Structures are given as structure tokens and as C-alpha cells.
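Asker: Have a look at this one before I ask anything.
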Amino acid sequence: MVEAPAQTFRGSSAVSDAIVGSSGRSWFLAWLAFLPVVVLRAGTLAEADTFWQIRTGLLTLSQRAIPTADPFSWTAGGKPWTLNSWGFNVLMACAYRLAGLPGVAWACAGLAMVIGGLALLLARQLGASPFVAGTLLLLASTLLTGWLSARPQLADYAAVLVLAILMRRIAAGHNRIWPVLATGIVSVVWVNLHAGALIGVAMICACAVLLLARRDIRGGGWCLGAGALALAGSFLNPYGFGVLRQATQVQSASSGVMVEWQHLNPGNPLQLAALAVGLTALTLAARRRYLDFTGELGIAAAGSVVAIRLLPVLVLLALPVLAASASRPSVLRYLHGRRIVLYLGLAAGAVVALPSLGHVGRPDPAYYSIKVVTGIPPHCRLFNTDTLGGFVILERPDVQVSLDSRNDLYGRQLVLDEEQVLAGRGDVAGELAAAGCVLVPPGTGLAKWLRTSQGWKLTATDPAAALFVRR
């Protein structure tokens, strides 16, 4: 365990106490410093999934049952549908009923703050300075902000950090019974919020293997018990063992189609930076014999190379290890001497985030046009992009869409076929034969084709979308 540095450095002011101190007040201030980042992210809703998930949650509440078939599209209408985030959908629907889209944005902002707090709690357990941990969390926000949107993956980030806290207790050997039982409970809650709980099972098992390899038979046995409970908890969901088939189906339908399921891109500097952060923490955790973090970081690093959607998990797990390693007297003296620069940076971030308070929960105007969507004729069968589909599902439940971001429902081939039509290639007229309306960005090849077609009329347009109605 890394020793807390608070006793090895003394500053000359109250500010230095905030830098090296380990009081609850110092950690609270470090946590609050993350708030501007969260507010900035909550100012605009840009995730396509958010909108259809709200509508699905509303449908679940009204029917008092989880939908079993697609009710939103004309291309897959009635097709069996397995939800991988039914619990999260219901929570977002409750927030929507209370305060509309701003309520959803604030609810997810609160969950993002919980995630930041859990990362800081882990850093504190490793003996990090609150100032160092808070500074690293802010610096890492450049890698995390894009992932902190209103989406069920927020539950993944929080659950991984909770499991990391429990694994710290199990690996330390203090009162292991309740942390082991808690892993099962966390897994049950996690899988019903989002079907990503199997990631946690893999991380726990990796910790068990490392403990057994070090011949810590007792600790490894307790970890295996925690892993078994976590696995059993993952099957306590409406689909039971079907969660395994669901995970395979989502991966198969998403690979090469959805950005977050793509392999690590060596040419992307942000992705490389996130991987470098994770690998650095993995090396430090192995050197300091943090076997729990070594196992968790190893799984997250390997998974991030296969699918970049695990990069934020990798960064969040890396932060506590990096903060503990950086909490040295020399680093603390350096930060103390440059605290004004750091505080000015924090103040600048707060100023940048302040305007977001005036439009929290606003659909991103670059992608979503309320005016154009409102102009869709009632009950029209719509051909649209996957990004616009979810927004139409929420705002115009009377309109059936051709596609949205539920690629696991539609299948890989349908998604690829629609991409061809959106580009204006192939048998466009034949593909649109069953549609009465088309809603696409005005710069697409399909929009250009429709402008020259005698069978279609442009009825509404703005920079985000153009609406065409069949004559």
C-alpha cells in the first residue's frame, strides 16, 4: 500500500493543506472540481440512443411490462427484441416524466458525478493526495467527456469502480464476507441497468488468477467465490442465460458498423493517449503488487484494443493508481508552486461550462431539428438515418422509422444497405418504395437525389435535416 504523503510535505499556507491534506473537505473540493466538466456535457444531448431509450422506458411503465417485439419501426416491426438496458430506460423515463429532457440530462450528470466520486474514493484508499487525484481527474476529462453522455454505459463505469472498491477489500484480507456478497448484489443491479455485467466477472476472475499465481490460496479462493456470485447475479435478469446470446448478437451486429465497437485506431491520438494512460497504470500496479488493479486494468486494456468502448473504463481504473504514484513530495512541491496556474485553469473551465446551464438537456442542434421533425405528416412511414431515428421515436411516436441505433435489432446487412441508399447509390427508388416520407441531413447523396425527383417534395429543411414527402 502506498503511504499517504500528507506527513512528508508542509506548505506555508492553507492552500498547501488542500494540496497535501487528506481531510474530507479536501476530497470534497477535489470532487467539486469535476462539476464543470459534467455540466458542460449535460448541456447538450447528442447520443442517439438516449431518445429511443426514454420512449422505451415510457412504454415499459405504461404497459407494466418490458417490450418483447419492436414497436417503433416499419422495417423490423414485430421482430423479437431483447433490451440490454431496460432498467436504465425506466429510470430515464421517470426523469423525463418529472422534468423532460433537462431532467434526463441532470440525472445522468448526477451519475457522472458519482463516477468521479468513486474514482477519487479509490485514489484515497491507495493513499493519494486529493489535489493530485482531482487534478488528474480533470486532465483525464479530455479523454472521458465524450463518453459521459446520457447512456446506459454510465452504469458500467460506476459498477466497475464499485467492484474495484470491493476487490480492494477482498485482496486486503479484511472481513471478506460482506465484500464477496456485495459483488453478487452489484452484479444483479448492473445487469438490469445495462447488460455489461460480464465485464465485471472477467475482471474479478483475473484478480483471482493473479492471487492464486502468487500462491495466495485463501485470497484467490475468496475472489473465485466473488466471481461465482457475480456470474450468478448476471443471470438474474428478465432474459436469464439469454444475456450471453444477447452480448454475442450485439457484438456481431455492431463490429465495423458502430464507432464504439471498432478496434483501437493507432492513428487516433485520443485513443492512443487513453491506452497509454491505462498501460502506464497497469505497469505501476504490477510493480506495486496491486494484484486487484493489475487484473482489472489488464482486462480493460485488452478489451480496449478489441473495442474502444472500454477505453473510458480503462482510464477510470487507471486514475487511482496514477494518483497514488504521483503523490510524492517532489510532485506536491511542484504543484504547490504552480497552484495559481491550476486554479486559473479550473476557473476557465467553470466559465466555459457556465453557458450550458441555460440549455441543459437540449438536443444537439447540429444533429436534431425539432422544427423539421414536428413537420412530419401524422403516421407517415419514414425513411431516415439511424441518428435521427431515435429522436423521431421520442418526439413523434405516431411515426414509424426505418432505422435507429438499435443495430442489434436490425442486423448488420440492413444497416449497410441503408448506408448505400443514404449515399444515393443503388436502386434508390426501389428502396424507398414503401416509405411515404424521408428525413435525412441535407448534404447527403439521397437528399440531392430527392431534390431532382419528380415524385418527392421538399417540405422542410434546416442545417440538421431535410424532410421530403412523397407527392
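The values are calculated or read from the model by the stated rules, or taken from the named source; none is laboratory data. If you're wondering where the values come from, they're calculated on a predicted model, not measured in any experiment. Counting neighbours? That spans all protein chains shown, and the Cβs are built from the backbone with ideal geometry, glycine included.
Asker: Please go through segment 452-461 and pick out each residue that is surrounded by fewer than 14 Cβ atoms within 10 Å (Cβ to Cβ) and modelled with pLDDT under 95.
Answerer: Of everything in segment 452-461, those that are surrounded by fewer than 14 Cβ atoms within 10 Å (Cβ to Cβ) and modelled with pLDDT under 95 turn out to be T452, Q454, G455.
Asker: Test G298 against the stated conditions and say whether it is farther than 23 Å from L148 by Cβ, in a helix (DSSP H, G or I) and touching a helix residue (DSSP H, G or I) at 6+ places or on another chain (Cβ under 8 Å).
Answerer: yes
Asker: Name the helices (runs of 4 or more DSSP H) wholly within segment 380-460 that hold at least 2 residues that are farther than 23 Å from D70 by Cβ?
Answerer: 428-431, 445-451
Asker: Can you confirm whether L138 is part of a helix (DSSP H, G or I), surrounded by fewer than 23 Cβ atoms within 10 Å (Cβ to Cβ) and more than 16 Å from the chain's Cα centre (by Cα)?
Answerer: Yes: the conditions hold for L138.
Asker: If you don't mind, another one. Considering L322, L382, L388, which residue is modelled with pLDDT of 95 or more, within 21 Å of the chain's Cα centre (by Cα) and buried (at least 17 other Cβ atoms within 10 Å of the Cβ)?
Answerer: Among L322, L382, L388, only L388 is modelled with pLDDT of 95 or more, within 21 Å of the chain's Cα centre (by Cα) and buried (at least 17 other Cβ atoms within 10 Å of the Cβ).
Asker: Let me ask another. Every residue in segment 253-295 that is among the charged types (D, E, K, R) and not in a loop (DSSP other than H, G, I, E, B), please.
Answerer: Scanning segment 253-295 gives E260, R287, D292.
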